[in-house]
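Read the figures in this text as sums done on the coordinates, not as results from a lab. All values reported here derive from a predicted model rather than from experimental measurement. When we count neighbours, we look across all protein chains shown, and the Cβ atoms used for this are built from the backbone with ideal geometry, even at glycine.
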Amino acid sequence: MDIVTSPEHADVALDRTSIRAIFSARLRQWPDGSPIRVFVLPDSEPVHAQFCREQLGTFPYVLRAAWDRLVYTGTGLAPEVVSNEREMRVRLAATRGAIGYVSTASIPGVVQPAVVQNPPVSGEAR
């Protein structure tokens, strides 16, 4: 599983805490102050479930509930859902401030994986 960012943020080092904060909408800006645009795969995709387990230490339904709460209360926006990994790579390459994820064995692409400082969470779920 690779965390992927838009080209202008490819050199930003992310640790597990930052990734969790970004995908739970607690961190909304890059270090340079530009807004973060989060892209995810549909909840039903196995890659999304794997990302939630390995990188965030949670389940897709828990993440979805948090996003729904943000939208319902008007305090945030849910990530943009893309249909597949190919679309994910295209959107990440074309969208300023974007972040998302792809399976390591996915389509060779236009964008490079971000630098992640901590290894994935293994066996941890909340």
By the scheme Lys and Arg +1, Asp and Glu -1, what is the net charge of all other residues having a beta-carbon under 11 Å from that of THR75? +3
Extension gain ALA13-ASN84, at 0.36 nm per residue separation less the Cα-Cα distance, in nm? 23.0 nm
Determine the gain in length on full extension of the stretch SER44-TYR72; use 0.36 nm per residue of separation and subtract their C-alpha separation, reporting nm with one decimal. 7.9 nm
What is the sum of charges around ARG86, taking Lys and Arg as +1, Asp and Glu as -1, for the other residues whose C-beta is under 15 Å from the C-beta of ARG86? -2
Semi-axis lengths, Å, region 4-97, gyration tensor of Cα atoms, sqrt of 5 times eigenvalues: 19, 16, 14
